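Trainee: Mind having a look at this structure? Questions to follow.
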Amino acid sequence: MLRYMLYECNAPKVRLEKEIGYIRHFISLNLLKDSRGLNVNFDCGEIPDHLEIAPMLLIPLVENAFKHSKFEDKANGWINIKLQLLGESLHLNVQNSLPDKSHTTDDTGGIGLVNVRRQLELIYPDQFQLNIEERDHIFSVDLIIEKL
């Protein structure tokens, strides 16, 4: 994970497969918190080798879910991540439970989603849709990037 962040993210684009690999490792690391298993699902469709994406673009969306969901609460906490290609478009949906009382794993925050939106505006102008919604104790982020 550190190698990816330090060395491979220096390029303007990385293989999408590498970004997904980081996400898989991040999820695996967080699942080590409880040997009984946690309510975290990652569904990733088939990804062709040649596709590239701006580095560290998807990761904050996944990290945000882990930071705010209190997924360790097996009865009420959960995270669902679905990443797929539809035609030439990348679709990422990240949903997480929201506890009744605000919960974060650290005291910093508030700029991750703003930074992702700004990156998208700079790198993929007029080629993305980012919808963020909070309702019924569910936080949902839907990202579509056209023509990867």
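Trainee: Return the residue satisfying two criteria in turn: it lies in region 132-145 and is in contact (Cβ under 8 Å) with a residue 12 or more places away in the chain and exposed (fewer than 14 other Cβ atoms within 10 Å of the Cβ), and of such residues it is nearest to L57 (Cα to Cα).
Mentor: E134
Trainee: Determine the pairs where a residue that is under 23 Å from G112 (Cα atoms), located within region 36-58, has a partner that is of a type in the set (S, T, N, Q) and in a loop (DSSP other than H, G, I, E, B) with Cβ atoms under 7 Å apart, the partner being 6 or more residues away or on another chain.
Mentor: As it stands, the answer is none, since no pair meets every condition given.
Trainee: Has region 103-123 got at least one residue that is more than 16 Å from E17 (Cα to Cα), touching a strand residue (DSSP E or B) at 6+ places or on another chain (Cβ under 7 Å) and touching a residue at least 60 places away in the same chain (Cβ under 8 Å)?
Mentor: Yes, region 103-123 contains a residue that is more than 16 Å from E17 (Cα to Cα), touching a strand residue (DSSP E or B) at 6+ places or on another chain (Cβ under 7 Å) and touching a residue at least 60 places away in the same chain (Cβ under 8 Å).
Trainee: Being of a type in the set (S, T, N, Q) and touching a His at 6+ places or on another chain (Cβ under 9 Å) is the filter; apply it to region 67-94 and report the residue that is farthest from D34 (Cα to Cα).
Mentor: Q84
Trainee: Regarding N64, is this residue polar (S, T, N, Q), within 9 Å of the chain's Cα centre (by Cα) and over 19 Å from P125 (Cα atoms)?
Mentor: Against the criterion (polar (S, T, N, Q), within 9 Å of the chain's Cα centre (by Cα) and over 19 Å from P125 (Cα atoms)), N64 qualifies.
No value in this document is a laboratory result; all are computed from the given coordinates. Computed from a predicted model, the values in this text were never measured in an experiment. Cβ coordinates were reconstructed from backbone atoms using ideal geometry, including for glycine residues, and neighbour counts include every protein chain displayed.
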